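The values are calculated or read from the model by the stated rules, or taken from the named source; none is laboratory data. What you are looking at is a predicted structure, and each value in this text was computed from that prediction instead of being measured. Positions of Cβ are backbone-derived with ideal geometry, glycine not excepted, and every protein chain shown enters the neighbour counts. Just so you know, the surface numbers come from the protein's heavy atoms only, side chains and all, with ligands and any DNA or RNA stripped out. Shrake-Rupley method; radii C 1.70, N 1.55, O 1.52, S 1.80 Å.
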Amino acid sequence: MLLIFFLVSCSEENQDTTNSASPTLNQNQSDLAYETIATNLQEPWEIVKQGDRIVISERDGHIVEVLNGETSRSQVMLEKDLSNQSEAGLLGIAFPPNFTDTAYAYYSYMEEENYYQRVIEIKKSGDFWKETNVLLDKIPGGQFHQGGRIEIGPDQALYITTGDATNPDLSQDISSLAGKILRMNLDGTIPKDNPFENSYVYSYGHRNPQGLAWDTEGNLYATEHGNQAHDEINRIKMGKNYGWPIIEGEETGEEMESPIVHSGESTWAPSGLAYLDEKFYFASLRGEGVRVFDPEVSEQKLLISNLGRVRDVLATTDGIYVITNNTDGRGNPTEMDDRLIFIPLDQLKELSS
């Protein structure tokens, strides 16, 4: 398998992904390296490991599979045309434990001049994927703040993050699906133990959450974009109100949850979140790197920079995978962007210590 080795430094279009890369080696003062597994991704959003494959969604409506150093791209045939406003398109994907040919996806579309998102089932058929079933529709969308992360939790339920659709008041409206973390059974039905009767809403008062991960005790954590600054990591509790747009950062409110850590007057623009060896690793778009959060001491630090914008992080027993996001119209792509990067566990432990 061909790998490109790059140096890790802790400071701050597109060709087809079937292109191979030539091995090179660079070094910095710490002699820590990461591996580039795939190049020339197009606006990637989410990384999933399925068997021996790494699977990546692209906002323009494709799914990329990486296996043994080879990459292939398949179109996703959708019932609705993808909308192309900021942070929209084909976003989250998730694979059930018993995957054969059907997975889950979250995508954005426009209908009668209104933006929406839907949660669907997609089925692999030959060289393409096809939308086969709608599990949840008409999630409000907007010019910004679509949410878009979906993950299967340890309880085998599907969790979905939704943004406030640039209408902050919707986050406090329990009857709206915007500005929420949603929870559904894998068949699309509402779990009986959800906190609000006949509702997918699991928690509310969110601005634009884009990362979900669970610790070994089953506690759910989420990353969330703040307003200008005050980006957050929250511990998510069923039925709780996380305050947007009434409070953020250090602010408190009656029966509202404050973040366990936030960025203060600076910004991370946090996206995908992963848990490994008692620490959380999260993608940083504006911060242009990967950050690590230690929940035991409620502290975070920059782990890797000089990657440009980073959209998602995936944890495995061997280390973490990272996707850059420099081709989304807000970054400065190099000729190899966007990239899938792997950081081996031994390197990770040395960086995180």
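Among the criteria (1) open to solvent by 30 Å² or more (accessible area, probe 1.4 Å); (2) within 19 Å of Leu158 (Cβ to Cβ); (3) of a type outside the set (A, V, I, L, M), the one Glu251 does not fulfil is (2).
For the residues Gly163, Gly153, Gly148, Gly142, the requirement of being touching a strand residue (DSSP E or B) at 6+ places or on another chain (Cβ under 8 Å) and on the phi > 0 side of the Ramachandran plot singles out Gly148.
So for the stretch 138-149 (the condition being over 22 Å from Val55 (Cβ atoms), within 19 Å of the chain's Cα centre (by Cα) and β-branched (Val, Ile, Thr)), does at least one residue qualify? Yes, the stretch 138-149 contains a residue that is over 22 Å from Val55 (Cβ atoms), within 19 Å of the chain's Cα centre (by Cα) and β-branched (Val, Ile, Thr). Return the residues of the stretch 208-218 that are of a type outside the set (Gly, Ala, Ser) and open to solvent by less than 30 Å² (accessible area, probe 1.4 Å); say none if nothing qualifies. Across the stretch 208-218, the qualifying residues are Asn208, Pro209, Gln210, Leu212, Asp215. The residue pairs whose first member lies in the stretch 256-272 and is under 21 Å from Ile304 (Cβ atoms), whose second member is buried (at least 23 other Cβ atoms within 10 Å of the Cβ) and of a type in the set (Lys, Arg), and whose beta carbons are closer than 7 Å, counting only pairs six or more residues apart or on different chains, are Trp268/Arg291; Ser271/Arg311; Gly272/Arg149; Gly272/Arg311. For the stretch 61-91, filtered to residues that are within 18 Å of Gln143 (Cα to Cα) and not in a loop (DSSP other than H, G, I, E, B), the residue that is most open to solvent (accessible area, probe 1.4 Å) is Leu82.
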